[in-house]
Amino acid sequence: MFQEVETKPATFYTYMSTPSPPYFMHPQMRAESEVTVVPPSGFYDISMQDAINCGYNPNVERIREEEYPFLTDTTYMDHSGATLYPTSLVDRSATILKTQLLGNPHSGSPSSALATQYVNQVRKQALRFFNANESEWDVVFVANATAGIKLIADGFSGASDGKGFNYRYHQESHTSLIGVRELSKNYQCLDDKGVGYWLSNENTTITSKASTWINSISKTFSQCLPIKTSGNSTIQPPNPANRSANPSLFAYPAQSNLTGRRLPLNWAHQAREKGYFTLLDAAALLMTKPLDLSNTAECPDYIVFSWYKIFGLPDLGGVLVKRGPAASILHKRKFFGGGTIDALTAHESYSSTKTFARGYNPHEGLEDGSLPFHSIVMLGVGISRHAELYGNHRNVGRHTAALAWALHGKLSALRHSNGAVVVEFYSSMEYLDTSLQGPVICFNILTPQGTHIGYLSVEQEAARAGIHIRVGGNCNPGGIEKVLGFERGEMLGLFGRGKKRCGDEVDLLEDGSPIGVVRASLGAVSTWEDVLVLVEFVRRWVDFGVRQGQYEEEGKRCTCGAEEGRRNMI
């Protein structure tokens, strides 16, 4: 369990991946490249054996029984929101916290020294998890992925010396990535075609003369527009040979948190060749897919994520930062906190920050205030325990891909008695190609007449059935625009047509069109039974309004009890 190492002034425990029962070594689990899928004749006939052939690990059922007792009689399908933690992670962490005296690391006392040792060790563990070379990468501990994004935005804001910086971001970005635009001078929202055009052509000046830009590209792609500019100034494209001279940032999600679609990782390298620093939001991706950072030259400059989406605990985030120019940019931020400076006076405007250029590790000048050292201790336990239970993160990816493939297939086979489909999907079915799709099912339920059932009603009934899903826009407005077919600017108009705010009780427009989705996401501890439970739940909606008379006329909106259902979930 723990290997004890004698240190001064106290006993220091290191987390060793001691051999555990080989739960993850199921004989039918093969290397990802060896998996050969022969789909059954009918999707609804997909069996557990079919899923095993595609990578499902039935031994997870034993792990779940032993490590996740709170899942009894519960179907949890919101791993994109937060994956679940094994009880042994809590128990082992508690053992350390009950037997070791840990103090605030910013001191030389014995308890502080011990906490510092833990933090340093876990930092190394974290880099090894990503196969990242310590001489090329550093990891900064932050509250969550959003805090990491803000840290990067503050760095670019400071590095521009008041001139502003170029910011490009993908349409399917999480709300937090979109928020960076408010600290930029000029920004552009790009869809897939926009990114492709930009990366394959000469750098184009971002200018406040919006009409010129729009006319020049409108025939080529749809969503690359200079939404925000300042004055009549023009910011020239960055110089690829000296990216720091005119800091510019391109950000995008490695995986859409809405649909699970996985975007090309090679965009990062291509954007760098254009002179842009690159920010990858990997929070959704890392839930079930590892990132290998051994080839540093091909990797993004910054990667943000949340540890609890990988291991369940702790509630902690991280920023992987490339050493060199990328790290130096972040040290240009104006704010500083305790522990990040060498010298400071209260009255005079003097401070000396711990910068990468002065020989410090990047994290030393970026982790403001006291570190969440107790959470970092728990992170070390989580990394080790995850390996003991599941072998490696790639096994988790194969396991969840097989389940998502089976779930999507079974749901797609459901039909109303008139032959109409029951489920409208917004996710690709390419689950077994883990470079294209994550284990997320994004959908809405249809009536026999083809009208949509409000997602709040689905959420209400799911809660009553003990099924945990997520509904609405999932903090991805651009993704919602894309999958539901809203035209540019149409989403803004919704707030004048009855929609008051995100998270309110409006789930369908007056014409019956949905303004959100149902999202089911699978994780390491998901099982075949979870798939069957959700399929049977959706089957309840077959011939909805026909069998029970819940619709008096075709297209009548279903909003029954939505507010009551939300209260029941609290």
Of (1) assigned to a helix (DSSP H, G or I); (2) open to solvent by less than 10 Å² (accessible area, probe 1.4 Å), Y169 fails just (1)
Within the range 77-98, of all residues that are touching a residue at least 60 places away in the same chain (Cβ under 8 Å) and polar (S, T, N, Q), the one farthest from Y390 (Cα to Cα) is T95
Being out of contact with any Leu (no Cβ under 8 Å at 6 or more places or on another chain), surrounded by fewer than 22 Cβ atoms within 10 Å (Cβ to Cβ), under 25 Å from G369 (Cα atoms) and not aliphatic (A, V, I, L, M) is the requirement here; does R123 meet it?
yes
Scanning the range 431-471 for residues that are part of a strand (DSSP E or B) and over 23 Å from the mean Cα position of the chain (by Cα), the one surrounded by the fewest Cβ atoms within 10 Å (Cβ to Cβ) turns out to be L446
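Okay, residues lined up against (1) over 18 Å from F544 (Cβ atoms); (2) among the charged types (D, E, K, R); (3) in contact with a strand residue (DSSP E or B) (Cβ under 7 Å, 6 or more places away or on another chain):
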| site | (1), (2), (3) |
| --- | --- |
| F443 | no, no, yes |
| T447 | no, no, no |
| I453 | no, no, yes |
| A462 | no, no, no |
| R470 | yes, yes, yes |
| C475 | yes, no, no |
If a residue must be among the small types (G, A, S), closer than 14 Å to A327 by Cβ and either part of a helix (DSSP H, G or I) or in contact with a Gly (Cβ under 7 Å, 6 or more places away or on another chain) (or both), how many such residues does the range 125-148 contain?
1
Matching residues in the range 266-289 (closer than 24 Å to G523 by Cβ and either open to solvent by less than 40 Å² (accessible area, probe 1.4 Å) or out of contact with any helix residue (DSSP H, G or I) (no Cβ under 8 Å at 6 or more places or on another chain) (or both)) number 9
Within the range 62-88, how many residues turn out to be out of contact with any strand residue (DSSP E or B) (no Cβ under 7 Å at 6 or more places or on another chain) and under 12 Å from L403 (Cβ atoms)?
0
All but one of (1) within 19 Å of the chain's Cα centre (by Cα); (2) open to solvent by 20 Å² or more (accessible area, probe 1.4 Å) hold for A145, so report the exception by its number.
(2)
Cβ contacts < 7 Å: first residue over 21 Å from M429 (Cβ atoms) and polar (S, T, N, Q), restricted to the range 261-273; second residue open to solvent by less than 50 Å² (accessible area, probe 1.4 Å) and not in a strand (DSSP E or B), any location; separation 6+ or different chain. Result?
Q270/L199
Between R398, R394, which is under 30 Å from Q121 (Cα atoms) and either in contact with a Leu (Cβ under 7 Å, 6 or more places away or on another chain) or open to solvent by less than 50 Å² (accessible area, probe 1.4 Å) (or both)?
R398
Please list, ordered by residue number, the helices (runs of 4 or more DSSP H) wholly in the range 48-117 having 3 or more residues that are under 30 Å from E430 (Cα atoms) and open to solvent by 20 Å² or more (accessible area, probe 1.4 Å).
48-53, 60-67
Which of (1) open to solvent by 10 Å² or more (accessible area, probe 1.4 Å); (2) in contact (Cβ under 8 Å) with a residue 12 or more places away in the chain is the odd one out, the single condition G155 does not satisfy?
(1)
Pairs please, first residue from the range 405-432 and of a type in the set (D, E), second anywhere and crowded, with 17+ Cβ neighbours inside 10 Å, Cβ atoms under 7 Å, 6+ apart in sequence or on different chains.
E424/F443; E424/N444; E424/L446; E430/Q437
Failed item in (1) part of a loop (DSSP other than H, G, I, E, B); (2) farther than 24 Å from A406 by Cα; (3) in contact (Cβ under 8 Å) with a residue 40 or more places away in the chain; (4) not hydrophobic (A, V, I, L, M, F, W, C), with S526 passing the rest:
(2)
Check whether at least one residue in the range 179-186 is within 19 Å of the chain's Cα centre (by Cα), farther than 14 Å from F277 by Cα and surrounded by fewer than 20 Cβ atoms within 10 Å (Cβ to Cβ), and report yes or no.
yes
Taking the range 401-429 on its own, how many of its residues are charged (D, E, K, R) and buried (at least 18 other Cβ atoms within 10 Å of the Cβ)?
1
Check the range 415-426 and report whether any residue there is on the phi < 0 side of the Ramachandran plot, in a helix (DSSP H, G or I) and out of contact with any Leu (no Cβ under 7 Å at 6 or more places or on another chain).
no
Turns out the strands (runs of 3 or more DSSP E) fully within the range 295-359 with at least 3 residues that are modelled with pLDDT under 75 and of a type outside the set (V, I, T) are 341-344
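The values are calculated or read from the model by the stated rules, or taken from the named source; none is laboratory data. This one's a predicted model, so the numbers in the text were calculated from it and none came from an experiment. Cβ atoms come from the backbone with ideal geometry, glycine included; neighbour counts cover every protein chain shown. Each accessible area value is taken on the protein alone, full model and side chains, heavy atoms only, with ligands, DNA and RNA left out. Shrake-Rupley method; radii C 1.70, N 1.55, O 1.52, S 1.80 Å.
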